[in-house]
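Structure, as structure tokens:
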Amino acid sequence: MKKLADPTSIKVLERLEKYIAAGSITASQAWSVFSKADGALKSDKKETKISARECESINKLKEIVKSRLKSKISGRCAYCKRVMGQHGMSWHIEHIKGKTKNPEFIFDMDNLTYACIDCNYTKSSSIDRPNISHLIINPNSESFQYNKHIRFIHIATENLHYLRYTAISDEGTFTYTELAFERLELIELVTSLNPIIKDIAIRIDTRVDDLDDSDESLKDFMMALKDAIT
Ligand SMILES: [Zn+2]
């Protein structure tokens, strides 16, 4: 990421890396400085506080990073391949090797991709937790071809979205199971058939987006609520 950054952002990233290594902030707190720079500007914690100039610089870098990642995945979630914006759901910069287990790769472009809120949340709440080790697809691995692991059919009409996945490889099978693709098949169908449920699901996504990583239990509750209505 530093190759894309100006000198001001580079200094912020290096400062954050130093604080993570020293144990004075967590990887999630460091990532919040990057992903929610305006909040970091107002922070009381000296390690995560940044100046207005740094905030502006980080926000510019964030847009460059997002643009690079979006074009790399052709506007689809790296894991489930749903099209960005098609169903109004939120999208996140995703750490392939999770932040908590691999803080050294937090600002490494090779470790970043783009994912929908469902895949991002499910992965961070299961696979990325410290005591779990499952082999799911790595969309940034060398010569990666999605259809060697997972095939899918997605038929979208004005009133109906039909989505079905078939896992081909072991990684594809783990991805289907661990990222709860069966749920995605259901969410697509239910939200396309019922505009009210779709609206509520989008509102939940938006609220979850606004929460910090430290609000884990509230996030869990909101996503469980989305599960319950779909
Ligand atoms: Zn997804």
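Of note:
- Label-point separation, Asp199 to Glu14 (7 Å along Cα→Cβ), nm: 5.2 nm
- Residues in the chain average 53 Å² of solvent-accessible surface per residue, probe 1.4 Å, ligands and nucleic acids excluded.
- Kirkwood radius, region 73-230, all distinct C-alpha pairs, inverse of mean reciprocal distance: 16.1 Å.
- Förster radius 25 Å - calculated FRET efficiency between Ser35 and Ala228 (Cβ-Cβ, nearest 0.05): 0.35
- Among Thr157, Thr173, Thr191: highest mean-square fluctuation, GNM of the chain, C-alpha pairs under 10 Å: Thr157
- Potential extension, Thr100-Lys70 segment - 0.36 nm per residue separation minus Cα distance: 8.4 nm
- Highest GNM mean-square fluctuation among Ala156, Ala27, Ala40, for the chain modelled with Cα contacts below 10 Å: Ala156.
- Share of carbon and sulfur in the accessible heavy-atom surface of the chain [1.4 Å probe, %]: 52 percent
- Computed lengthening from Ser51 to Ser169, 0.36 nm per intervening residue step minus Cα-Cα distance: 37.7 nm
- Amide H to amide H, with H built 1.01 Å from N, Arg76 comes under 5 Å of Met84, counting only residues 5 or more places away or on other chains.
- Most mobile of Ala37, Ala22, Ala167 in a GNM of the chain (Cα contacts under 10 Å): Ala22
The values are calculated or read from the model by the stated rules, or taken from the named source; none is laboratory data. Nothing here was measured: the structure is a model prediction, and the numbers come from that model. Positions of Cβ are backbone-derived with ideal geometry, glycine not excepted, and every protein chain shown enters the neighbour counts. Keep in mind that these areas ignore ligands, DNA and RNA; they rest on the heavy atoms of the full protein, side chains included. Shrake-Rupley method; radii C 1.70, N 1.55, O 1.52, S 1.80 Å.
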